[in-house]
1. Which one of B:P67, B:P121 is within 14 Å of another protein chain (Cβ to nearest Cβ), in contact with a helix residue (DSSP H, G or I) (Cβ under 6 Å, 6 or more places away or on another chain) and farther than 25 Å from A:I6 by Cβ?
2. In this structure, does B:A39 turn out to be surrounded by fewer than 21 Cβ atoms within 10 Å (Cβ to Cβ) and out of contact with any Pro (no Cβ under 8 Å at 6 or more places or on another chain)?
3. Search the stretch B:136-178 for residues being polar (S, T, N, Q) and not in a strand (DSSP E or B), and hand back the single one that is farthest from B:F70 (Cα to Cα).
4. Can you name the residue in the stretch A:19-38 that is crowded, with 17+ Cβ neighbours inside 10 Å and more than 13 Å from A:V72 (Cβ to Cβ) and, of all such residues, is farthest from the other protein chains (Cβ to nearest Cβ)?
5. Could you please let me know if A:K13 is assigned to a helix (DSSP H, G or I), within 12 Å of chain B (Cβ to nearest Cβ) and in contact (Cβ under 8 Å) with a residue 24 or more places away in the chain?
6. Output the number of residues of the stretch B:42-58 satisfying the condition of being closer than 15 Å to B:S119 by Cα and surrounded by fewer than 18 Cβ atoms within 10 Å (Cβ to Cβ).
7. Are there any pairs with C-beta distances below 9 angstrom linking a residue in the stretch A:79-101 that is under 17 Å from A:R62 (Cα atoms) to a residue that is at pLDDT below 90 and assigned to a helix (DSSP H, G or I), with the two at least 6 apart or on different chains, and if so which?
8. Give me the residue from the stretch A:19-35 that is in contact with a Phe, Trp or Tyr (Cβ under 9 Å, 6 or more places away or on another chain) and without any contact (Cβ under 8 Å) to a residue 12 or more places away in the chain and, out of that set, nearest to A:K81 (Cα to Cα).
Amino acid sequence: MVTESIIEDEHFKLLTFLIVSARGCVDEPQLYGPLRLIDAAERLIDLMDKMGKVNDRLREIRETIRERKFSVIREEAEFLKLLDDLVLKVSRIIREVPSTR
Amino acid sequence: MEPKELLSIIKGRRSIRKFLEKKIPEDHLRLTMEAGIWAPSGSNIQPWQFVLVRDSGLIKKIKLVSPGLFGNPDALVVVCVDRDRYEKAGKIGYTMSIMDASMATQNMMLMAYGLGIGSCPIVSFNKLAVREILELPENLEPVIIVSLGYPEEWPHPPERRPLSEVVYVDGYGKHYRG
């Protein structure tokens, strides 16, 4: 049974976003693929936030996405720089995790 | 109206992706859609049908299947083209209907801007899903969604290619210098 609450469910929202974005990417401009992915990343951080899994570093990533994602419309180079910056930010988080061996 | 006033409206309209929680008065929505139906159309076919969506629950549903719809607008106008109408224009009918729907959309966005309302034309939505959610008949194809609401901010305009680059005079190659 489908209940009204499902359209408010954050997991369902993300799921739907991913499915319709997958279809959209077939026909849309190439750079909209990365745009949808970082949009999904922003939504994922929102979800993680509600589960208490977000620290300042992830908040900063989310802010960076929010502030700069629409550069895709203005300037390709600026958008690519954003993607690189995001990669660096997550890489630094990974790097700082103490190695087990 | 002075020509410069019209140009300032055209230049001032921005695509708005962050909206305030504020209701648009019904008469302003009516004026906006009225501007839409006064767009030109090929052979005066007027191939458009608009679905005005005001129900916040329905807006949420459409937003779920529209990756290009940002922010929380107060209303949507789903601009559709009607196959039963555009087919009357022959093989060129469909192409023309998209142009007509686009001109209607621009009229609506300019009118909205004139009323202080922000808008954004959206093509990144799933047509099948929107058709299903709005229970559109088979002859109607949703082609553009216009989101409407009061803007959180009016963003700076993206740069425009200059006239000297866009316009040629009396044939290709001779750039406009006006």
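The values are calculated or read from the model by the stated rules, or taken from the named source; none is laboratory data. Since the structure is predicted, the reported quantities are computational estimates derived from the model, not experimental observations. Heads up, the Cβs are rebuilt from the backbone with ideal geometry, glycines too, and the neighbour counts pull from every protein chain shown.
1. Working: B:P67 fails: farther than 25 Å from A:I6 by Cβ.
Among B:P67, B:P121, only B:P121 is within 14 Å of another protein chain (Cβ to nearest Cβ), in contact with a helix residue (DSSP H, G or I) (Cβ under 6 Å, 6 or more places away or on another chain) and farther than 25 Å from A:I6 by Cβ.
2. Details: surrounded by fewer than 21 Cβ atoms within 10 Å (Cβ to Cβ): yes; out of contact with any Pro (no Cβ under 8 Å at 6 or more places or on another chain): yes.
So B:A39 passes the test.
3. The first filter runs over the stretch B:136-178 and keeps only residues polar (S, T, N, Q), leaving B:139, B:147, B:164.
With not in a strand (DSSP E or B) added as a condition, the list becomes B:139, B:164.
Numbers: B:N139: 28, B:S164: 34 Å.
The qualifying residue farthest from B:F70 (Cα to Cα) is B:S164.
4. Applying the filter and picking the extreme gives A:C25.
5. Numbers: assigned to a helix (DSSP H, G or I): yes; within 12 Å of chain B (Cβ to nearest Cβ): yes; in contact (Cβ under 8 Å) with a residue 24 or more places away in the chain: yes.
Here the answer is yes, as A:K13 does meet what is asked.
6. Going through the stretch B:42-58, the residues closer than 15 Å to B:S119 by Cα turn out to be B:52-54.
Retained after the next criterion (residues that are surrounded by fewer than 18 Cβ atoms within 10 Å (Cβ to Cβ)): B:52, B:54.
Result for the stretch B:42-58: 2.
7. If the second residue must be at pLDDT below 90 and assigned to a helix (DSSP H, G or I), the pairs left are A:F79/A:I73.
8. Within the stretch A:19-35, the subset in contact with a Phe, Trp or Tyr (Cβ under 9 Å, 6 or more places away or on another chain) is A:20-21, A:24-25, A:31, A:34-35.
If we keep only those that are without any contact (Cβ under 8 Å) to a residue 12 or more places away in the chain too, we end up with A:20, A:25.
Details: A:V20: 26, A:C25: 21 Å.
For the stretch A:19-35, the residue satisfying everything is A:C25.
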